[in-house]
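The values are calculated or read from the model by the stated rules, or taken from the named source; none is laboratory data. Given the structure is predicted, the values throughout are model-derived calculations rather than measurements. Here Cβ is always computed from backbone atoms with ideal geometry, including for glycine, and neighbour counts include all displayed protein chains.
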2 protein chains.
Amino acid sequence: MGEKLTTLHALAEPNRFHIVELLRVGPLTVGEIADSLKLRQPQVSKHLRVLSDSGLVEVQPIANRRIYKLQSQPFLELEEWLDTFRNIWEDRFDRLDDYLKDMK
Amino acid sequence: MGEKLTTLHALAEPNRFHIVELLRVGPLTVGEIADSLKLRQPQVSKHLRVLSDSGLVEVQPIANRRIYKLQSQPFLELEEWLDTFRNIWEDRFDRLDDYLKDMK
DNA sequence: CTTCGAAACAAGTGTTGACTTATTAAAACC
DNA sequence: GGTTTTAATAAGTCAACACTTGTTTCGAAG
């Protein structure tokens with residue numbers, strides 16, 4: 001799976017998306033996230049696993065707890081990809097007409 | 001569901017992602033996409049439905065055929081959202097230290 | 001060394017959704 | 001009007017995955 005697809009897949013799940021929004025304020029532990037989202041701890045761990053595998057999140061174990069924080073790379077790469085579409089919107093001197101001509 | 005989530009969900013499926021990559025070259029009919037991806041026509045129609053519902057794609061019916069083309073808005077909105085993270089990477093004068101202090 | 005707290009791991013359940021084949025709808029052509 | 005083509009819709013199957021409860025691991029503290 002391409003890394004862009006992995007990133008998209010990780011972000012597309014509502015609760016994981018919510019976790020990312022929570023983490024943008026600052027690092028959080030598993031328990032804190034579980035409380036916020038009203039999810040059970042194991043499920044939160046699963047979601048964090050997916051986010052971690054996709055590189056969107058990083059763990060830092062402190063004693064008992066594991067502190068999760070956002071990681072910039074996947075976000076930046078996804079934004080780069082979206083940026084490659086800009087050219088398309090701009091120099092679209094309507095290609096649809098050309099297409100229709102070819103069809104005859 | 002938020003529109004960002006809808007967009008992410010639509011893009012996160014590998015074949016739909018592939019369809020978007022095909023359409024960036026130019027508009028295509030259902031049949032052309034099905035041939036390219038080696039998928040059956042009904043499945044391609046389903047995928048296009050999802051893309052259309054999310055606003056990523058627009059239809060233009062010409063006689064028998066339906067021509068699909070990309071639509072810029074959802075891409076731009078998603079990029080805007082990603083852009084709001086830039087601040088975070090920059091002014092992160094490591095908040096992790098603060099967090100650890102609070103925990104004691 | 002026993003207990004307590006936090007979080008990962010295991011196994012099972014239910015739902016979502018990607019695919020299949022078959023059918024229908026609608027436009028073009030004979 | 002019947003046939004052909006293109007694509008949407010319907011119904012059913014199967015796999016992926018979000019969630020549950022229960023158990024295990026591991027560090028800290030008594």
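Across the range B:53-79, the qualifying residues are those that are outside any helix (DSSP H, G or I), free of Cβ contacts under 8 Å to residues at least 24 places away in the same chain and more than 16 Å from DNA strand C (Cβ to nearest atom), and the one among them that is surrounded by the most Cβ atoms within 10 Å (Cβ to Cβ) is B:Gln71.
One line per residue, one yes/no per condition, for (1) modelled with pLDDT of 95 or more; (2) more than 8 Å from every other protein chain (Cβ to nearest Cβ); (3) over 25 Å from A:Thr6 (Cβ atoms):
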{"site": "B:Glu13", "(1), (2), (3)": "yes, yes, no"}
{"site": "B:Val59", "(1), (2), (3)": "yes, yes, yes"}
{"site": "B:Asp83", "(1), (2), (3)": "yes, no, no"}
{"site": "B:Asp102", "(1), (2), (3)": "no, yes, yes"}
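Applying the criterion of being part of a loop (DSSP other than H, G, I, E, B), of a type outside the set (Asp, Glu) and within 11 Å of DNA strand C (Cβ to nearest atom) to the residues of the range A:1-52, the residue that is surrounded by the most Cβ atoms within 10 Å (Cβ to Cβ) is A:Pro27.
Residues that are at the interface with another protein chain (Cβ under 8 Å from one of its Cβ atoms) and of a type in the set (D, E, K, R): does the range B:26-34 have at least one?
No, the range B:26-34 contains no residue that is at the interface with another protein chain (Cβ under 8 Å from one of its Cβ atoms) and of a type in the set (D, E, K, R).
Counting only residues that are within 16 Å of DNA strand D (Cβ to nearest atom) and more than 8 Å from chain A (Cβ to nearest Cβ), how many does the range B:66-81 have?
Pass one, the range B:66-81, residues within 16 Å of DNA strand D (Cβ to nearest atom): B:66-71.
This time we only want the ones that are more than 8 Å from chain A (Cβ to nearest Cβ), so: B:66, B:68, B:71.
Total meeting the criteria: 3.
For the range A:37-64, the tally of residues that are at positive phi and not basic (Lys, Arg) stands at 2.
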